[in-house]
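Colleague: Encoded as structure tokens, here's the structure I'll be asking about.
The values are calculated or read from the model by the stated rules, or taken from the named source; none is laboratory data. The structure displayed is predicted, hence computed values, not measured ones. All Cβ positions, even for glycine, are placed from backbone atoms using ideal geometry, and neighbour counts span all protein chains on display. Surface areas here come from the heavy atoms of the whole protein model, side chains and all, with no ligands, DNA or RNA. Shrake-Rupley method; radii C 1.70, N 1.55, O 1.52, S 1.80 Å.
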Amino acid sequence: MGFSQKLFSLLALALLAAVLIAGAMWAREPTYAVLFSIQDEKDGGNIVTALQQQNIPYRFSQGGHTILVPQAQVHDTRLKLAAQGLPKGGLAGFELLENQKMGISQFAEQVNYQRGLEGELARSIQSLAVVKGARVHLAIPKQSAFLREDQKASASVLVSLAPGRHLDQAQVAGIVNLVAFSVPQLNPKNVSVIDQEGKLISQQIDPTRDAGLDAAQIRFVREIENAYVQRIESILAPIVGNSNVRAQVAADVDFSQTDQVAETYRPNPTPATAIRSQLTSETGSGTPAAAGIPGALSNQPPAPATAPLVQPAQSAAAATAANQNFSRNSTVNFEIDKTVRHTKGAPGSVRRLSVAVVVNYRKDIPKDPKDAAKAQPAPLSENDLKQINELAREAMGFNKERGDTLNVANAPFSPVEKEVIPDAPIWQSPTLISTVLEYARYLLIAIVGFWLWSRIVKPVLISFTEAAARAAAERAAATVEETPAVQHQHSYETKLAAAREIAKQDPKAVAAMIKDWVGREG
């Protein structure tokens, strides 16, 4: 082989070895998965430092915004980093107060405290499942000794929600109360919450403008309706079967609050009514003159005075005789009979119930078991429907004065059609895809090796074999054609060339051999 052929053969063998080694290393290389998506560069630097300290291999993707680690170490690494408080989300918490310098001013200390409080509140809000990110801004005024200059604290919260998620009123109220109760003298009304689109989501509901039900009231109505449905179905299920009765309840619930005060008076007091006060006054200038026929009756003292509401009328003569010398006045005040009643209605009372019940047809059981398959559903009798109606009325607490309605119907149920979910094609199976990708590596290495063998190595070996065969054939032909003298000459020249080569490579050995020859001849 010429020099170029030898060089090409060596390069081919080196390329084959490099491909096989690279393929083996690539096949043994683990699959990388996403550890964290970096939102803040400072967090990314802290995570990389922690990975280097733990000797965990990592890579970057998506322009350096995603950190990848071997798939088998993803969960273990996340737990280890979480124990170190990573990632922090780029928010500074109360760790700002841990490394404060000596001689720091009071203003700087207050600023660090406010920054730490804002960061801790933002971290707490980010722990909600629907919140992807949060920022909290606190406006804490400086305390003043003058009441007129006293200003209230306020806060603003910006939340970035996960795609397709939203905050309901209960969650917004939770965020508002979390911030309000974490800052001294912060009223929940002074906390504003907006989303990533700039919409204010913490508006206070004015009951005078919005007469609709809130989420809590709607949930309360649903609980009442479900309770009535469960009571009706549970009492009818033993009779007709669990799957043969359906009930629905519509409840009209009154959430208004009423406070009524009633004050009543009786028209006239009874004789048993207590006397509150009584005043009697008498004036006179002398003893009245004797009148009448002398005797026992005229010498008796006068009867005790009474105090009716209306004094009985006296005769004119008697009044003239009495008023000549005496004047008597009597005033009586009775207690007033009054009743005061305070009535306060509790919200959430049921004003009206509307109930609908559907009962399935029953199946007549034939006398002969062989005819069981031929059984046809039949409607319920009037007696059965009447019994079901009465049971439903008792279960719901039917009140005619309240305006409740109940409708019981008997109809055949349609069979429930099962939704047939087609199986996913086998080529879309995640397990199959991962297995195919795993073995595709080895298949690709085998294909590349076979191509190198068939295109480069095998032709080189064939050329080696053909060249060796041609050289052997040429030597055999030369040996046959040469004469003994020529063969002897070739043998002598070959030996001489070999001796010269040995003398060049190891002259000391040749000198020692010649010295030995000379010593033998002497």
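Colleague: Does residue 73 satisfy the criteria of being out of contact with any His (no Cβ under 6 Å at 6 or more places or on another chain), farther than 30 Å from residue 447 by Cβ, at pLDDT 80 or above and exposed (fewer than 13 other Cβ atoms within 10 Å of the Cβ)? Quick ask: steps written out before the conclusion?
Modeller: Values: out of contact with any His (no Cβ under 6 Å at 6 or more places or on another chain): yes; farther than 30 Å from residue 447 by Cβ: yes; at pLDDT 80 or above: yes; exposed (fewer than 13 other Cβ atoms within 10 Å of the Cβ): no.
The answer is no for residue 73.
Colleague: Would you please name the residue that is nearest to residue 13 (Cα to Cα), looking only at residues in the range 433-448 that are open to solvent by 100 Å² or more (accessible area, probe 1.4 Å) and free of Cβ contacts under 8 Å to residues at least 24 places away in the same chain?
Modeller: Step one: of the range 433-448, the residues open to solvent by 100 Å² or more (accessible area, probe 1.4 Å) are 437, 439, 442-443.
Going one step further and asking which of them are free of Cβ contacts under 8 Å to residues at least 24 places away in the same chain, we end up with 437, 439, 443.
Values: 437: 29, 439: 26, 443: 21 Å.
Per the criteria, the residue is 443.
Colleague: On to the next question. On the given criteria, is residue 89 loosely packed, with under 12 Cβ neighbours inside 10 Å and either in a strand (DSSP E or B) or at pLDDT below 80 (or both)?
Modeller: No.
Colleague: Output the number of residues of the range 37-56 satisfying the condition of being at pLDDT 75 or above and either open to solvent by 60 Å² or more (accessible area, probe 1.4 Å) or not in a loop (DSSP other than H, G, I, E, B) (or both).
Modeller: Total satisfying the criteria: 11.
Colleague: A further question follows. Are any residues in the range 130-151 at pLDDT 85 or above and open to solvent by 70 Å² or more (accessible area, probe 1.4 Å), and if so, which ones?
Modeller: If the condition is that a residue be at pLDDT 85 or above and open to solvent by 70 Å² or more (accessible area, probe 1.4 Å), then 135, 137 are the ones that fit.
Colleague: In this structure, is residue 245 more than 34 Å from the chain's Cα centre (by Cα) and modelled with pLDDT of 90 or more? Steps first, answer last, please.
Modeller: Working: more than 34 Å from the chain's Cα centre (by Cα): yes; modelled with pLDDT of 90 or more: yes.
Here the answer is yes, as residue 245 does meet what is asked.
Colleague: Now a separate question. Of all residues in the range 155-187, which are open to solvent by less than 50 Å² (accessible area, probe 1.4 Å) and within 14 Å of residue 121 (Cβ to Cβ)?
Modeller: Result: 155, 157, 159, 174, 175, 176, 179, 180, 182, 183, 186.
Colleague: With the requirement that a residue be of a type outside the set (Gly, Ala, Ser), touching a residue at least 40 places away in the same chain (Cβ under 8 Å) and either in contact with an Asp or Glu (Cβ under 7 Å, 6 or more places away or on another chain) or part of a loop (DSSP other than H, G, I, E, B) (or both), what does the range 160-185 give you?
Modeller: Correct list: 168, 169, 183.
Colleague: (1) closer than 30 Å to residue 61 by Cα; (2) open to solvent by less than 70 Å² (accessible area, probe 1.4 Å); (3) at pLDDT 70 or above; (4) not in a strand (DSSP E or B): which one isn't true of residue 33, the others all being true?
Modeller: In the conditions (1) closer than 30 Å to residue 61 by Cα; (2) open to solvent by less than 70 Å² (accessible area, probe 1.4 Å); (3) at pLDDT 70 or above; (4) not in a strand (DSSP E or B), residue 33 misses (4) alone.
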